1. Calculate for the chain the 222 nm mean residue ellipticity that helices alone would give, adding -39,500 (n - 2.57) per DSSP H run of length 4 or more and normalising by residue count, nearest 500 deg cm²/dmol.
2. Please state, to two decimals, what the Cα-based radius of gyration of the chain comes to when divided by 2.2 N^0.38 Å (N = residues).
3. For VAL108, VAL37, what ranking results if the residue with the fewest other Cβ atoms within 10 Å of its Cβ goes first?
4. What does DSSP give for the chain in terms of the percent of beta bridges that are antiparallel, rounded to the nearest 5?
5. Search the structure for amide H atoms under 5 Å from the amide H of VAL37, placed 1.01 Å from N in the peptide plane, and list their residues when 5 or more places away or on another chain.
6. Which of TRP399, TRP233 comes first, and how do the rest follow, when ranked by fewest Cβ neighbours within 10 Å?
7. Taking R0 as 60 Å, what FRET efficiency do you get between GLU250 and GLU310 from their Cβ-Cβ distance, rounded to the nearest 0.05?
8. Dipole of the stretch 223-284, Cα-centred, from +1 at each Lys and Arg C-beta and -1 at each Asp and Glu C-beta, to the nearest 20 debye?
Amino acid sequence: MARELPEPPDAGIVNAVRFGTGTFRFLEGVQSRFEDVVAIPVPGRGPLVIVTNPSLVHEALSRPEDFPRVPAQGPSAKIAERGLVQSEGDLWRQQRDIMGDAFAGPQVRAYANTVGERVEGLAGEWREALESTTTAADGGTTTRGGHGSDAGRAAGEQVLERNLHREMTTLTVRVASEILLGEDIGRRMADRFHSWMSVAGDEFEFDASAAAPAWLPTPVSAEFEGAAEGVLWLAEELIERRRAEMERGENGSMDMLTLLLAREDDPDVDYPPNQIRDEVATFLIAGHETTALSLTYTATLLSWHPEARERVREEAREVLGDETPQYDHVADLGYTGRVFQEALRMYPAAWAVFRRTTEEQHLGEYRVPGNAGVIMPQWSIHRDGRYFDRPLEFDPSRWEDRNPQSVEAYFPFSSGPHACIGRQFSLTGARLALAGLAREFDVDVPEGSLDDLRATPTLRPPEGVPATVRFAE
Ligand code: HEM
């Protein structure tokens with residue numbers, strides 16, 4: 001006989017409120033008290049089910065018919081409602097088939113090489129800004145002691161102050177547009193994109209006090225409307241330009257947009273209205289945001305662990321030499337890869353995967369009622385001492401003899417049919433980005449800068465991450 005889901009002893013509404021106000025602490029508490037799963041009753045709705053056991057997580061994620069995605073609502077319905085990140089069933093299958101080749105072998109190489117070129121570009125900007133300044137008068141550049149380890153900086157030393165999250169967003173959004181859509185949108189447009197995403201992130205804040213398996217469906221603010229319109233406008237611009245190029249016969253590439261447009265007249269393919277626009281907006285967001293956050297968290301952890309940063313630097317100098325980072329370097333940047341994997345464990349940009357039930361289901365030996373919200377939190381499973389020794393310690397060496405894909409409790413890219421299509425892109429690109437910057441610069445972030453992360457659909461720093469940049473020895 002199926003077991004009923006355990007419930008916490010406290011009243012449901014109290015738990016729901018706690019979840020809303022201190023999401024990550026609440027999840028950690030639940031993780032330590034419940035071995036498999038817990039159901040938080042929500043008055044007037046189905047329960048909120050939090051799965052704490054990795055085997056059950058994988059089981060639920062491998063059964064999308066029984067545990068479908070939460071339909072887009074509120075702000076998330078405004079941007080890219082039908083894109084691959086939100087679609088289900090036949091539409092999702094059609095789209096994933098059409099776009100599959102855009103993420104296969106040759107495109108991984110192209111993605112990595114583009115990351116390499118863009119990182120070189122960013123390094124060039126930092127280098128120029130550092131070299132052109134030795135006085136505090138220059139905007140954004142200072143010689144005064146400021147954050148954390150820079151407090152004792154020598155007079156005249158060249159230091160830049162940067163919002164690390166913004167820098168990483170600009171980098172990754174340009175890579176995403178170039179590789180997925182065939183066009184680099186440029187630094188200025190990438191900066192605007194960052195602003196739109198910041199507005200969107202504020203709006204999307206996870207509303208667990210309503211205990212719904214979705215994000216707050218409150219009326220959308222005018223500011224958010226503007227950001228959503230900006231993203232959709234950019235998507236349409238890029239589509240029009242590409243369409244015109246294809247009409248002129250300039251369509252040799254395998255990027256995602258070309259693959260989508262090439263199938264427009266295919267009788268076997270059925271695009272609902274605005275489908276391509278929704279995919280472009282989806283990929284502009286999904287293709288850069290998690291990667292930018294993950295790079296930000298990794299660089300932050302490296303700044304707090306100078307011995308690891310020194311090892312990344314040594315590896316980078318040995319493997320890259322003076323060359324532009326490129327795909328052929330990736331395999332030799334093993335330590336840098338482990339650093340990134342470990343950062344994804346401690347600060348998973350996708351902090352939880354959300355699903356629901358429409359009718360009663362069995363999960364393992366448990367009976368899950370219909371109309372439940374189902375949350376599978378990477379955040380707390382990745383920090384559970386049952387699965388990771390010294391889970392709160394940043395220790396890239398834990399991956400030396402462990403293949404991340406064989407570790408059930410580690411799922412930064414989710415699993416099952418909806419697992420991240422861009423996984424290979426990020427894993428290869430991140431090595432090059434981190435090595436390309438570490439070989440030349442010290443990026444320092446004040447302690448405590450990740451203490452107040454927000455539970456939007458991604459794990460976000462509300463005000464960015466302040467950092468100083470200077471030449472490494
Ligand atoms: C460190 C970087 C990344 C992380 C942590 C990450 C994480 C994830 C996760 C957890 C999911 C599953 C969501 C779910 O099950 O509902 C997902 C799906 C997805 N990701 Fe990523 N992602 C990353 C990078 C990328 C990149 C670079 C791209 C595109 C170039 C991308 C595109 C997508 C898409 C389109 C989906 C939906 C797949 C589907 O449902 O078929 N992601 N990602």
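Computed from the coordinates by the stated procedures, all read-outs in this text should not be read as laboratory data. These numbers were taken from a predicted model, which means no experiment stands behind them. Here the Cβ is made from the backbone with ideal geometry for all residues, glycine too, and neighbour counts use every protein chain on show.
1. Values: 16 runs with 216 residues, N = 473.
Estimated from H runs of four or more residues: -14500 deg cm²/dmol.
2. Working: Rg = 22.5 Å, N = 473, 2.2 N^0.38 = 22.8 Å.
Against the compact-globule rule of thumb, the ratio is 0.99.
3. Values: VAL108 20, VAL37 23.
Lowest to highest Cβ neighbour count: VAL108, VAL37.
4. 85
5. Those qualifying (amide H under 5 Å, at least 5 residues apart or on another chain) are THR52.
6. Details: TRP399 20, TRP233 12.
The fewest-first ordering by Cβ neighbours comes to TRP233, TRP399.
7. On the way: r = 46 Å, r/R0 = 0.77.
It comes out at approximately 0.80.
8. On the way: 6 positive and 17 negative charges, 43 e Å.
Computed about the Cα centre, the dipole is about 200 debye.
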